[in-house]
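See below for the structure under consideration.
The values are calculated or read from the model by the stated rules, or taken from the named source; none is laboratory data. These numbers come from a predicted model, not from an experiment. Cβ placement follows ideal geometry from the backbone for every residue including glycine, while neighbour counts extend to all protein chains displayed.
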Amino acid sequence: MGLLLMMFRKMNLIQRKNDIEYQLTDLNQQLMDYQKLSAALANDSTSITDVASIPPSLFGAGIDSMMLAHGMATQYANQAMAYMQQGSIFTQFGDNAPYMQQIAYMKAYEQGREQYKKRMMAQLNEKEKQLEIKKTKLETLLAEIEEEEKGTTQRIQTGVQSQVSHYGLQA
């Protein structure tokens, strides 16, 4: 009876180990996806290659982030331009005023985009940290299960040898 219980326990441990290994594989994939998304969003000017490199699992979130970054940067640039227009900063440039306005707008747009990028990167880094913590916990649990599985296997072998010698079935 004890041998059957040990076999059942070993099968249970194998099932738990497989489940944790699957979870670890999934977490590793999520980590890689977040790292790829971070790399795509880190670029100052997004190209079609950056968009194509966004992992499918986060494609919607990546596109949304890019659109939000553009919207926030445009809003920031428009506010900055309105402030500069009020101060009549551009009147001193005469005929070159439209060029200076365009340069000022692009600089303000870049600043707004940079501010959003910093916030987004902080959020992505936090998510990656949470996944790393979860991964570490699962790896620790997996090591404990593997250790218990080894012990159970040894007990089963000892039990089988005991039964063989008890019933005189040795070769």
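Below, the figures for the structure above:
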item: Test: residue in region 46-63 that is out of contact with any helix residue (DSSP H, G or I) (no Cβ under 9 Å at 6 or more places or on another chain), over 28 Å from K134 (Cα atoms) and not in a helix (DSSP H, G or I); result: yes
item: Leading residue by the ranking (modelled with the lowest pLDDT) among those in region 22-45 that are in a loop (DSSP other than H, G, I, E, B) and either under 16 Å from K127 (Cα atoms) or not hydroxyl-bearing (S, T, Y) (or both); result: D44
item: Yes/no for A97 being assigned to a helix (DSSP H, G or I), of a type in the set (A, V, I, L, M, F, W, C) and in contact with a Lys or Arg (Cβ under 9 Å, 6 or more places away or on another chain); result: no
item: Verdict on S38 being in contact with a helix residue (DSSP H, G or I) (Cβ under 7 Å, 6 or more places away or on another chain) and either loosely packed, with under 12 Cβ neighbours inside 10 Å or under 24 Å from G112 (Cβ atoms) (or both); result: yes
item: Matching entry among D26, D19 (being farther than 30 Å from R155 by Cβ and under 22 Å from the mean Cα position of the chain (by Cα)); result: D26
item: Single match in E139, E148, E128 (criterion: in contact (Cβ under 8 Å) with a residue 60 or more places away in the chain and more than 22 Å from N12 (Cβ to Cβ)); result: E128
item: Qualifying residue in region 101-108 (condition: among the β-branched types (V, I, T), surrounded by 11 or more Cβ atoms within 10 Å (Cβ to Cβ) and either out of contact with any Leu (no Cβ under 6 Å at 6 or more places or on another chain) or assigned to a helix (DSSP H, G or I) (or both)); result: yes
